[in-house]
Amino acid sequence: MKNIGILLTIMMLSIASVGQNKITGLVQAEAPLEAVTVSLLRSKDSGLVKTELTNRQGRFEFLNIKNGDFLLHFSATGFKASYSGILTVENNDVVAPAVRLLPQAKEMAAVTVTAKRPPIEQKIDKLVINVDASPSNAGATAMEVLEKSPGIIVNNDGVISLKGKPGVIIMMDGKPTYLSEADLANLLKNTPASAIDQIEIMSNPSSRFDASGNSGVINIKTKKGLKTGWNGSIMLGASAGFLKRGDALYVNPRSQNSVNFNYRKDKINFFGNYNPNFNKGQNEMRLVRRFYNEDGSLNSYADQVTNFLGRNNNHTAKLGVDYFIDNKNVVGVVFTGFGFWGQPEPETSSLIKDADGGVLSGLNSATRNRIAFRNYTSNINYKHSFDSAGREVSVDLDYVRYDNSVDMMLTTKVLDKFGEQTEQTQLKGNLPSGIDIYSIKADYVHPLNKNTKIETGIKSNFIRNNNLVNYFRSEGAGWVTDARSNHFIYEENINAAYVNLGTKLSEKWTAQAGLRAENTNTSGHQVISDSTFKRNYTNLFPSAFVSYAADKNNQLTLSYSRRVTRPNYQHLNPFIYFLDSLTYQKGNPFLLPQFSNNIELGHTFKNKFITSVNYSRTTDVISELLVQNTEEKTTYLTRENIAAFRNIGLSVTAPVKWSPWWSTSFFGNVFNNHYKGKYNAFDIDLSNTAFLVNITNSFTLPRGFGAELSGFYRSRTVDQMLIMDPMYQMNIAFQKTLMKGKSTVRLNIRDPFGWQRFGAVSRYGNVNVSLNNRWDSRQVSASFTYRFGKNTITPSRKRATGVSEELNRAGQGS
């Protein structure tokens, strides 16, 4: 009740958004400097007005500045402090002359100054999660960090939604993750939080971004060093997950480790990281499927319990170099890789019962999987700056390769109603797949004057997805080829061009408009049946953004975009993938893309409290469907374009500083989801209003101690054809800095009371399925981080490469 009271108070306080004048500038040495402390002082008495830190491009910005005369003071570790001349603000924006800081003479022992970033930052166009700033992220994975981030919902399959809307594009360092939903979830669950610098959440990106993603873009930025000389960090971590089943308590060990390094000297910036990890996990799922006669009466039902046991070793690596040819030209090369070797082994016990609950038969299934998954990504990039006004051109060349191999053995024991085995069947399979992605992208930025800028660019990519499945069933003393074997080749070419114009219309009004055109050409070939399909289509995707600064405390922003979600490559693949003998999934090569129109009105109060109202409508929704066979008692998951989707929501973001040692970051989201359509002869009409609350409390304690208490609550909600039960969780974390700030020890207790579990029902037509899943969410993690190297910061470039959508469609959650 107290948190609801806080939410209502914040909503009543938030009424409009930011101020009038601003002062901007650039700080550099040999290159732009990040994390320089810039203090704005009154010239008449040197009184402090505001303090800001420079960003990665060395730039700073002071907003809501009243008229008057001011000075700027610049300070950074390793450099001499400096003052600007007098700057006069009189109903105008001021660009301060560029400042060049000089190295400080080594006359005394060094003093380490650390600029502490908050766990969550609200920017004008995105929400930023600073991963290292939160002690509860120690020992966590990328998926666990996302799960507790504001506005994000993760369902039982690892599919991600933003503000109640599915269709999010997940990017890694500005590149998409061309993976199936299962493979993307696997990647995120095995990427340690220690390898991540920031997570950027953008609900309405501009036309410069790929049009894909109905509900926006989430960009996961891995660490990249910024300091001169040799610098880096080493993190050693261990954790354990706990799951209680009956009277038994299962303990699953994990290990997350990372090494990050950077070497920066003169014109060369060399960087990289390596993350070796071990993971053992367990979860238990209960699935109840009801089967009906043609007259609608209950025929029978299947009650099955699956225990998932899995362990894996995985390795993530990144290596890159930036070469600054001169002050106008820079070229870079980046290589990344991910390798996963896992052994998931689900065991399922199923009972088939009649309408009165009497046992008819049973099945015991055990699946042995051996998975090898490898990803290699290479990027070559070049940027030329024509002048200091910001006119520049950049080019990116990308190649991405995914190799996935699964060897499985499914053994099924058939039982009679007394539990006696009557027969045994075996099915083994070899399922290799490979994806090759080639992409070229070029962007041009041209400031027309100090208030207006035009951006334009082109992009082209080519994808080939080759999938093979060889199934063999046991027959007598040998193995024979199963009819479900298949070979599917999918090829795609997308060509895109965009233009984006931004301008400051007056002291109060700012506007931006963009248009993106995308031409798509696809073909699919089922080799064994020799059947093919081809599709070609061109679409336009406009976007617009208008901002009004009512006064120094209130700013209103209205944005619109049209977006698309294309089917993930694996969703088009018609293969069959087994959970057990009675439940499986298969793709649909006839899926069409879904399109959405999104509108959002945002209000900022004192540059802190953000209130937004959003509306979106999506057509031809790619919906997950369950298809049942009453006679065979089987259920399979597939996807079809069957419904329209409408989402409307209200969200509030509020950072509150209760005292010098206690601050809170609050996010609340109320939304209504409505799916309406028809599947075969059945009408589908699902609607629900839900809310999501995310609260993070940070405590700064004496002698280098810190603590965090965080958690989230998501009420009952609709996600496509699923009605999901409420989900909630709490985290407790502690940290202590040692060795004069060079090392940190962290302890994290995740979901200590075991609250987090997943429950859902799916009811439409002749489908009535209930699902309950719980896993070893109760975890204890400990980590030790040691940082080495100098503290002089000369940032390298911030890159976003050319494969932002395609990496996801190999299959992020949509």
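The values are calculated or read from the model by the stated rules, or taken from the named source; none is laboratory data. From a predicted model like this one, the values you see are computed outputs, not experimental measurements. Methodologically, a virtual Cβ is constructed for each residue, glycine included, from the backbone with ideal geometry; neighbour enumeration extends over all protein chains shown. When the accessible area is computed, the model is the full protein with side chains, heavy atoms only, and any ligands, DNA or RNA have been set aside. Shrake-Rupley method; radii C 1.70, N 1.55, O 1.52, S 1.80 Å.
When the solvent-accessible surface of protein heavy atoms is calculated with a 1.4 angstrom probe, in what order do F278, F758 fall, highest first? Could the numbers behind the result be given before it?
Values: F278 70, F758 10 Å².
The residues order as F278, F758, largest area first.
So how tilted is helix 2-13 from the main axis of the chain? Cα-based, degrees 0 to 90, rounded to 10.
Between helix and principal axis, roughly 50 degrees.
What full-extension length gain, to one decimal in nm, is calculated for K265 and E90 as 0.36 nm per residue of separation minus the Cα-Cα distance?
On the way: separation 175, 0.36 × 175 = 63.00 nm, distance 4.19 nm.
This chain segment gains 58.8 nm when fully extended.
Could you tell me what percent of the accessible area of the chain is made up of carbon and sulfur, with a 1.4 Å probe and every protein chain present?
Values: 20290 of 35310 Å².
Reported share for carbon and sulfur atoms: 57 percent.
Could you derive backbone 3J(HN,Hα) for segment 384-397 from the dihedral phi with the Karplus parameters 6.51, -1.76 and 1.60 (θ = phi - 60°), listing whole Hz in sequence and x where the residue is Gly or Pro?
Couplings: 10, 9, 6, 7, 7, 6, x, 6, 7, 10, 9, 9, 10, 10 Hz.
Between Y615, Y83, V564, whose Cα lies farthest towards the positive end of the dipole of the chain when Lys and Arg beta carbons carry +1 and Asp and Glu beta carbons carry -1, centred on the Cα centre?
Of the listed residues, the answer is Y83.
Which entry in (i) 58, 29, 25; (ii) 79, 42, 24; (iii) 48, 29, 27 is this structure's computed semi-axes √(5λ) of the Cα gyration tensor in Å?
This structure yields the entry labelled (iii).
Counting only pairs 8 or more places apart or on different chains, how many lysine pairs in segment 353-484 have C-alpha atoms closer than 29 Å?
13
Past the 27 Å Cα-Cα mark, which pairs from K126/K678; K44/K608; K163/K676; K221/K608; K126/K189; K318/K742? Walk me through the intermediate numbers first.
Values: K126/K678 36 Å; K44/K608 29 Å; K163/K676 19 Å; K221/K608 24 Å; K126/K189 24 Å; K318/K742 23 Å.
Flagged as over cut-off: K126/K678; K44/K608.
Could you compute how much accessible surface E200 exposes when probed at 1.4 Å, giving the result in Å² to the nearest 10?
Spelled out: E200, probe radius 1.4 Å, area about 10 Å².
Can you give me the accessible area per residue for segment 345-482, using a 1.4 Å probe, in Å²? Mind showing how you got there, number by number?
Numbers: 6800 Å² over 138 residues.
Value returned for segment 345-482: 49 Å² of accessible area per residue.
In terms of Cα to Cα distance under 20 Å, which aspartates and glutamates are near enough to K606, apart from those fewer than 8 places away along the same chain?
E52, E61, D93, E121, D125, E507, D551
Can you tell me the order of 401-413, 440-452 when each peptide is scored by its average per-residue count of other Cβ atoms within 10 angstrom, highest first? List each step's numbers first, then the result.
Numbers: 401-413: 17.9, 440-452: 15.3.
Per-residue Cβ counts within 10 Å, averaged per peptide and sorted highest first, yield 401-413, 440-452.
Okay, helix-only estimate at 222 nm for the chain: each DSSP H run of n ≥ 4 adds -39500 (n - 2.57), divide by all residues, round to 500 deg cm²/dmol; what do you get? Kindly include the intermediate steps, with their values, before the conclusion.
Values: 5 runs with 35 residues, N = 814.
Helix-only estimate at 222 nm: -1000 deg cm²/dmol.
Positive end of the charge dipole of the chain (Lys, Arg +1 and Asp, Glu -1 on Cβ, about the Cα centre): tell me which of L188, G246, N597 has its Cα farthest that way.
Comparing the listed Cα positions along the dipole, L188 ranks first.
With +1 on each Lys and Arg Cβ and -1 on each Asp and Glu Cβ, how big is the dipole of the chain about its Cα centre, in debye rounded to the nearest 20? Before the final figure, lay out the partial values.
On the way: 92 positive and 69 negative charges, 595 e Å.
Roughly 2860 debye, rounded to the nearest 20.
May I ask you to derive the FRET efficiency for H525 and I749 from their Cβ-Cβ distance with R0 = 45 Å, giving the value to the nearest 0.05? Mind showing how you got there, number by number?
Working: r = 52 Å, r/R0 = 1.15.
Result of the calculation: an efficiency of 0.30.
When the Cα centres of segment 638-656 and segment 73-94 are compared, how far apart do they sit, in Å?
The distance from the Cα centre of segment 638-656 to that of segment 73-94 comes to 44 Å.
Check cross-link reach from K223 to the aspartates and glutamates: straight Cα distance under 17 Å, and skip same-chain residues fewer than eight apart.
The qualifying aspartates and glutamates are E34, D132, D173, D197, E200, D322.
Mind grabbing the accessible area of I120 for me, 1.4 Å probe, Å², rounded to tens?
Result for I120: roughly 30 Å² accessible.
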